[in-house]
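Let me begin by presenting the structure, written as C-alpha cells, before commenting on it.
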Amino acid sequence: MTATLHGPTRSSADHQELLRGMLEEQFAVHTARLTQLTVHARHAGHDPHTLEALIASTRERIAETAQALRRMSEGTYGLCLDCHKPLPLGRLHALPHATHCTRCERRRTS
C-alpha cells in the first residue's frame, strides 16, 4: 500500500511537517547559493556563460521550491497536477517539489 499525505492519519501530518521542513531548508540553501553566485562569484572572475547557467538553474530550484510550499498552503501539495492522484511519499521524500506522479511524468517526457 502506498502512503499518501491526504488522509486522516497522524503520520500524514508528521510527513507533511517533515516535507515542509525539507522544502524550507532547500529554499534557504538555494537562496544562499543565488546570493553567492550573484554577489561573490562575479568578483571571482568566473566564466560569464557558466555563471549565467548556474544562476538560471538556482533560480529555477527556488521557484520550484516556492511553488511546492505554496501548494502546501493551498492544500494541493502531494497531488499529481495531471491525474490528481496522491503522489507516493517515497517520491516526495526523494523529490519534495515533485508535481507529477511517475506515470504522468513519463508521459510528459515521452
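Here are some conditions: (1) exposed (fewer than 15 other Cβ atoms within 10 Å of the Cβ); (2) part of a helix (DSSP H, G or I); (3) at pLDDT below 90. His15 meets all but one. Which one does it not meet?
The number of the failed condition is (1).
Considering region 58-70 alone, what residues qualify as being under 15 Å from Thr38 (Cβ atoms) and either surrounded by 14 or more Cβ atoms within 10 Å (Cβ to Cβ) or touching a residue at least 12 places away in the same chain (Cβ under 8 Å) (or both)?
Across region 58-70, the qualifying residues are Thr58, Arg59, Arg61, Ile62.
Go through (1) modelled with pLDDT of 95 or more; (2) farther than 17 Å from Ser12 by Cα one by one and return the number of the condition Asp47 breaks.
(1)
Does Ala94 count as within 16 Å of the chain's Cα centre (by Cα), more than 25 Å from Leu18 (Cα to Cα) and surrounded by fewer than 18 Cβ atoms within 10 Å (Cβ to Cβ)?
For Ala94, the condition - within 16 Å of the chain's Cα centre (by Cα), more than 25 Å from Leu18 (Cα to Cα) and surrounded by fewer than 18 Cβ atoms within 10 Å (Cβ to Cβ) - is not met.
What are the residues in region 71-91 that are surrounded by 17 or more Cβ atoms within 10 Å (Cβ to Cβ), assigned to a loop (DSSP other than H, G, I, E, B) and among the hydrophobic types (A, V, I, L, M, F, W, C), if any?
Within region 71-91, Cys80, Leu87 qualify.
Select from region 96-110 the residues that are in a helix (DSSP H, G or I) and among the hydroxyl-bearing types (Ser, Thr, Tyr) and write down the one among them that is modelled with the lowest pLDDT. Before you say what the answer is, go through the steps one by one.
Going residue by residue through region 96-110, those that are in a helix (DSSP H, G or I) are 102-109.
When the remaining residues are screened for being among the hydroxyl-bearing types (Ser, Thr, Tyr), the result is 102, 109.
Details: Thr102: 93, Thr109: 87.
So, considering only residues that are in a helix (DSSP H, G or I) and among the hydroxyl-bearing types (Ser, Thr, Tyr), the one modelled with the lowest pLDDT is Thr109.
The values are calculated or read from the model by the stated rules, or taken from the named source; none is laboratory data. Predicted model only: the values in this text are computed from it and were never measured. Neighbour counts are summed over all protein chains in view; Cβ atoms, including those assigned to glycine, are modelled from backbone coordinates with ideal geometry.
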